[in-house]
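**Student:** Structure provided below as structure tokens; questions to follow.
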Amino acid sequence: MPRVGNAAVTRPHARPGVTRDRIGEAALLILDGASDESALTMRSLGSALGVQAPSLYAHVSGIDDVIDLVHERINASIDLSVLEAPDPLTGLRRFGHLYRAAYGRHPVATTMIVTLPINSGHALVVYEVVAACLVRAGVPTDRVMPLMALLDSIALGSAIEPFAEGFVGPSATYRPDYPTLAQALRHRRRRHIDDDGFSLGMDAFIDAVTSCTGAT
């Protein structure tokens with residue numbers, strides 16, 4: 001610490017510099033604490049980073065660029081090495097669970113991400129590795145894209161639209177007008193419905209893969 005005469009001079013801690021990585025981190029935190037996407041603006045992002053919104057444009061081109069940084073952070077949390085498993089089907093199943101979990105932790109961000117074009121390297125590399133695993137499993141090239149679309153629908157759909165949460169009352173409240181539905185709700189614990197539904201979806205996906213390969 002520098003001194004002036006015998007007195008120590010305390011300097012304020014420097015504010016961490018704004019970087020694209022910090023912008024992505026701050027944006028994801030804003031969305032995770034929000035009920036909808038309107039919470040993320042250049043102004044709210046600047047405030048979270050302790051800077052004026054116009055200064056952010058030295059690092060990003062706009063809000064779509066910010067969402068791409070959020071997308072990149074979520075993709076980086078997925079362990080793609082599972083797709084290199086000796087058994088491709090095991091790798092695909094494991095990836096599906098990791099994929100759903102990664103996006104399920106950030107539902108508001110995911111609702112924004114799914115509307116954007118798939119043209120960033122960090123997104124394309126995920127699909128490249130999945131496609132390579134499907135081909136390694138024996139899937140013909142002309143079936144790879146439909147199968148990846150199916151996997152996206154199962155994993156991302158489950159991540160952003162929890163099904164069981166829509167049924168807010170106890171099963172008995174549905175009985176007078178919807179007796180079959182009430183009985184179905186009574187025989188399944190709510191907290192397991194979405195996980196069980198996702199597992200059924202992944203079973204269907206693996207069945208679709210094996211039907212393309214001719215495996216039994």
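A short reminder: the numbers here are calculations on the coordinates, not readings from a lab. Keep in mind that what you see is a predicted model, and the values were worked out from it rather than measured. With ideal geometry, Cβ positions are generated from the backbone for all residues, glycine too; neighbour counts draw on all protein chains shown.
**Student:** If you line up the long axis of helix 141-160 against the longest principal axis of the chain, both from Cα atoms, how many degrees apart are they, to the nearest 10?
**Tutor:** 70
**Student:** Another question, then. Roughly how many debye, to the nearest 20, is the charge dipole of segment 11-76 about its Cα centre, given +1 on each Lys and Arg Cβ, -1 on each Asp and Glu Cβ, and no other charges? Before the final figure, lay out the partial values.
**Tutor:** Numbers: 6 positive and 9 negative charges, 102 e Å.
Dipole of segment 11-76, to the nearest 20 debye: 500 debye.
**Student:** For LEU40, list long-range residues whose amide hydrogen, built 1.01 Å from N in the peptide plane, is under 5 Å from its own amide hydrogen.
**Tutor:** Under 5 Å from the amide H of LEU40 lies no amide H from a residue far enough along the sequence or on another chain.
**Student:** Placing +1 on the Cβ of each Lys and Arg and -1 on the Cβ of each Asp and Glu in the chain, which of THR210, ILE118, THR141 has its Cα farthest towards the positive end of the resulting dipole?
**Tutor:** ILE118
**Student:** Report Rg (one decimal) and Dmax (nearest whole number) for the chain, counting Cα atoms only, units Å.
**Tutor:** Values for the chain (Cα only, Rg and Dmax): 23.1, 86 Å.
**Student:** Still on this structure: With each run of n ≥ 4 DSSP H residues scored as -39500 (n - 2.57), what mean residue ellipticity at 222 nm is computed for the chain after dividing by its residue count and rounding to the nearest 500 deg cm²/dmol? Intermediate values should be presented prior to the final figure.
**Tutor:** Numbers: 9 runs with 127 residues, N = 216.
Calculated mean residue ellipticity at 222 nm is -19000 deg cm²/dmol.
**Student:** Which whole-number percent gives the relative contact order of the chain, counting Cα pairs below 8 Å spaced six or more residues apart? Walk me through the numbers before you get to the answer.
**Tutor:** On the way: 206 pairs, mean separation 38.5, N = 216.
Over the chain, the number comes to 18 percent.
**Student:** Each residue of segment 109-117 in order: what ³J(HN,Hα) in whole Hz does its phi give by Karplus 6.51 cos²θ - 1.76 cosθ + 1.60, θ = phi - 60°, with x for Gly and Pro?
**Tutor:** Couplings: 4, 5, 4, 7, 5, 5, 8, 8, x Hz.
**Student:** Follow-up. Which value, in nm² and rounded to one decimal, describes the direction-averaged projected area of the C-alpha convex hull of segment 148-216?
**Tutor:** Details: hull surface 23.5 nm².
Across all orientations, segment 148-216 yields a mean hull projection of 5.9 nm².
**Student:** Next question, about the same structure. Show me, for segment 198-204, the HN-Hα J-couplings you get by feeding each phi into the Karplus relation (A = 6.51, B = -1.76, C = 1.60, θ = phi - 60°), rounded to Hz, glycine and proline as x.
**Tutor:** 5, 4, 5, x, 5, 4, 5
**Student:** Taking θ = phi - 60°, what integer Hz values does the Karplus form 6.51 cos²θ - 1.76 cosθ + 1.60 yield along segment 169-179, in sequence order, with x for Gly and Pro?
**Tutor:** Coupling constants for segment 169-179: x, x, 4, 4, 5, 8, 4, x, 9, 9, x Hz.
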